[in-house]
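Here's the structure we're looking at; comments come further down.
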2 protein chains.
Amino acid sequence: MSQKIKIAVDAMGGDFAPVEIVKGVIQAVRETDAEFILVGDEKRIMEELKDNPLRSRIEIIHTSEFISMQDSPTSAVKKKKDASMAIAARLTREGKASAMISAGNTGALMEVALLYIGRIQGIKRPAISTLWPVKTGRAMLIDSGANADCRPEHLLQFAQMGSIYCEKVLEISKPRIGLLNIGEEPGKGNNLVVNTYEILRQSGLNFCGNIEMSDFIEGSVDVAVCDGFVGNISLKTGETVASFLTQILKDAIRKKFVAKIGALFLKSVFNELKKKLDPSEYGGAPFLGVDGICIKSHGKANAYAIKNAVKLAMKAYESQYINKIKDHIGGVQKSKN
Amino acid sequence: MSQKIKIAVDAMGGDFAPVEIVKGVIQAVRETDAEFILVGDEKRIMEELKDNPLRSRIEIIHTSEFISMQDSPTSAVKKKKDASMAIAARLTREGKASAMISAGNTGALMEVALLYIGRIQGIKRPAISTLWPVKTGRAMLIDSGANADCRPEHLLQFAQMGSIYCEKVLEISKPRIGLLNIGEEPGKGNNLVVNTYEILRQSGLNFCGNIEMSDFIEGSVDVAVCDGFVGNISLKTGETVASFLTQILKDAIRKKFVAKIGALFLKSVFNELKKKLDPSEYGGAPFLGVDGICIKSHGKANAYAIKNAVKLAMKAYESQYINKIKDHIGGVQKSKN
């Protein structure tokens, strides 16, 4: 019934590329009816693919260039025009792929997406969305780092795009939208959020008002919006504190036990933690406002995460959320930029 | 040799007031030669003090008003002119106390400090400093929430005050100053930090450049500066993620063990965690830029934390860091705001 979807996957992006990326695509071939283009170093990709019988649904486009996690986004994107993620983006732009997936350098991927895929007309600032583990499941933070300085109309669009994405792709009805702030009362916060509050209140969205990070982690909203500077600092604070804490606890548990029992115990407890916090289950999150499906997977994405990113990309494609954004935002508001 | 110091303590501030506050002051009477004024509900204070023989060094000033953690700062400060923290601030202003300590509502305490103690001439924006547990010990984040919108000259003053405080009170020579950002390269970040970078570079401070939250937690600087919106969101993200994670792990450990062994094990492991993260050891951190010593203890401060806050207040008084700020900043820069 559904059309054959072709997905371009950046084989070279992420800490465990290309091994886990290729493995993930093989799993996706098994579990979906999509076709794939793996973009990257052919020799290294073939080391994983070998003579896998599922190979027929995987095309390889060779390139020797790729952008690493350490590369500075702007200069890397300028210099490496044939980087794997750049080729994947052009395939998406040209309609040779229905969607692209990368676990690579986030900043570079956003630049690549804007340069080669472009933004939706009427969207002033495409944004990075991230899915956070929260007490009730997952919730989205937009913008997580694309736009360091924002105006209220940008935050409004983040909220609108997040709402459409949650409704169409994550199947959440009437997504609850919050404005990330340092207090709950209207009037709290910096000029940006004070001026955004009223605009969101009148937006027709299911706006729940100001929220603090504690409300967000409680699961009180589906989408929290903020400027990309605040979002990125918050994201990195969360990741850093989580890994610091985990390390302290691992050390403490190790100290209390003789080696083998300690290791066993550690494994069982931290598996529980991993289950709750692991981003693999969700595969990734899209760059919203880009005029094509560009799913960013976590830098530590494993095969399972990539397989789930494929499923997410397929769902995103079928949901036509980009057309909905175009109708709803691009159509209504005439952009002055 | 040292003069008798008198410290005004808000007996009603914090989650465990007045019990833990009074207990902490009793401990401080034992371990220091300071004198104390406990401000709060006399009957409740006396329930703790009873006929303690150390009572002679503790004066009580009775008030029935106090500001709770849930009160909205601005209106509470306006309405409750005789709130315990307000009286403590006036005692400090009038020289009847050398310093004040409160574990109460942070926003209200800052308003009280500005209203009754006032700011140092030449300091444009007093700021909230917080001490974070980091891999190498502790590091300071300024501003943690007093000033939602800042200009570069404000961040410069946060850095200058933080540097002086670390040098004089925490005895760190040449304190390392970082600018909290979303990337390390100069030119990264929002307009505020881009414009602050060069000012800090030329400030004569030991400026280490842009830092990300991961660098901060690694212990790469002694002081990180940011606007109060970013600082507060980051602080609350850190606290919320830490408590979320701890809860998940506690649940996991409970599940793996039969009740009693689990509880024992839990206690021993989480004591280790507590030791690393517990703010009690440090007592608190000052509001910088206020023209008097106003130490904010954590809302969950126990007796031990209050005792340490007293020692910190004494050290702060003896170090004369406020005079140093006056000489160094108030004197050099003629304020326009």
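Each value in this text was obtained by applying a stated rule to the coordinates, not by laboratory testing. In this text the structure is predicted, and so the values were computed from the model without any measurement. Don't worry about glycine lacking a Cβ; one is built from the backbone with ideal geometry, like all the others, and counts go over all protein chains shown.
Here are some notes:
- Dipole moment magnitude, nearest 20 debye, chain B about Cα centre, only Lys, Arg, Asp, Glu C-beta charged: 400 debye
- Positive-pole candidate from B:SER319, B:VAL9, A:SER56, dipole of the protein assembly as shown, charges at beta carbon: A:SER56
- Percentage relative contact order, the stretch B:93-233, counting C-alpha pairs under 8 Å, at least six apart: 31 percent
- Phi angles across the stretch B:207-220 convert, under the Karplus curve 6.51 cos²θ - 1.76 cosθ + 1.60 with θ = phi - 60°, into 3J(HN,Hα) values of 7, 9, x, 5, 10, 9, 4, 5, 5, 4, 6, 5, x, 6 Hz, Gly and Pro given as x.
- Close amide H pairs (under 5 Å, H built 1.01 Å from N) link A:ILE293 with A:MET100, residues at least 5 positions away or on another chain.
- Selected from A:ALA285, A:TYR116, A:GLY183, residue furthest toward positive end of dipole (the protein assembly as shown; charges at beta carbon): A:ALA285
- Viscosity 1.002 mPa s, temperature 20 °C, Stokes-Einstein D of chain B from Kirkwood C-alpha radius, µm²/s: 104 µm²/s
- Rounded, prolate or oblate (a/c below 1.5 giving rounded, otherwise prolate when a/b exceeds b/c) for the stretch B:1-118 by Cα gyration tensor: oblate
- Residue-count net charge about B:ILE120 - beta-carbon cut-off 9 Å; Lys, Arg +1, Asp, Glu -1: +1
- Exposed loop sites, defined as trypsin sites (Lys or Arg not before Pro) outside DSSP H, G, I, E and B with at most 14 other Cβ atoms within 10 Å, are absent from the longest region of chain A, namely A:136-299.
- Less than 5 angstrom separates the built amide H of B:GLU59 from those of B:PHE36, B:ILE37, B:LEU38, all sequence-distant by 5 or more or on a different chain.
- For chain B: relative contact order, % (alpha-carbon pairs under 8 angstrom, 6 or more apart): 23 percent
- Rounded to whole numbers, the Karplus 3J(HN,Hα) couplings from phi for the stretch B:284-296 are x, 9, x, 7, 8, x, 7, 7, x, 7, 10, 8, 9 Hz, using 6.51 cos²θ - 1.76 cosθ + 1.60 with θ = phi - 60°, and x at Gly and Pro.
- Charging the Cβ of each Asp and Glu at -1 and of each Lys and Arg at +1, and nothing else, the dipole of the stretch B:1-44 about its Cα centre rounds to 120 debye.
- Gyration tensor (alpha-carbon) shape descriptor, the stretch B:125-282, a/c threshold 1.5: prolate
- Taking only the C-alpha atoms of the stretch B:45-189, Rg followed by Dmax gives 18.5, 63 Å.
- Electrostatic dipole magnitude of the stretch A:159-270 [Cβ: Lys, Arg +1; Asp, Glu -1; Cα centre; debye, to 20]: 820 debye
- A simple rule links phi to the HN-Hα coupling: the Karplus curve 6.51 cos²θ - 1.76 cosθ + 1.60 with θ = phi - 60°, which for the stretch A:320-329 gives 6, 4, 5, 4, 5, 5, 4, 4, 7, 10 Hz, with x for Gly and Pro.
- With its label point put 7 Å out from Cα toward Cβ, A:LYS326 sits 6.8 nm from the same residue's point in the other copies, in order from shortest.
- Amide H within-cut-off set for B:TRP132, under 5 Å, with H built and near neighbours excluded: B:ALA139, B:MET140, B:LEU141
- Most positive-pole-ward Cα, A:GLY95, A:VAL19, A:SER72, against dipole of chain A from beta carbon charges: A:VAL19
- Distance from the stretch B:57-90 to the stretch A:209-250 (C-alpha centre basis), Å: 33 Å
- Greater than 25 Å apart at Cα, pairs in B:LYS23/B:LYS43; B:LYS23/B:LYS276; A:LYS188/B:LYS81; A:LYS276/B:LYS274; A:LYS50/A:LYS315; A:LYS23/B:LYS250: A:LYS50/A:LYS315; A:LYS23/B:LYS250
- Straight-distance candidates among the aspartates and glutamates for linking to B:LYS326, with alpha-carbon spacing under 13 Å and chain neighbours fewer than 8 residues away dropped: B:ASP291.
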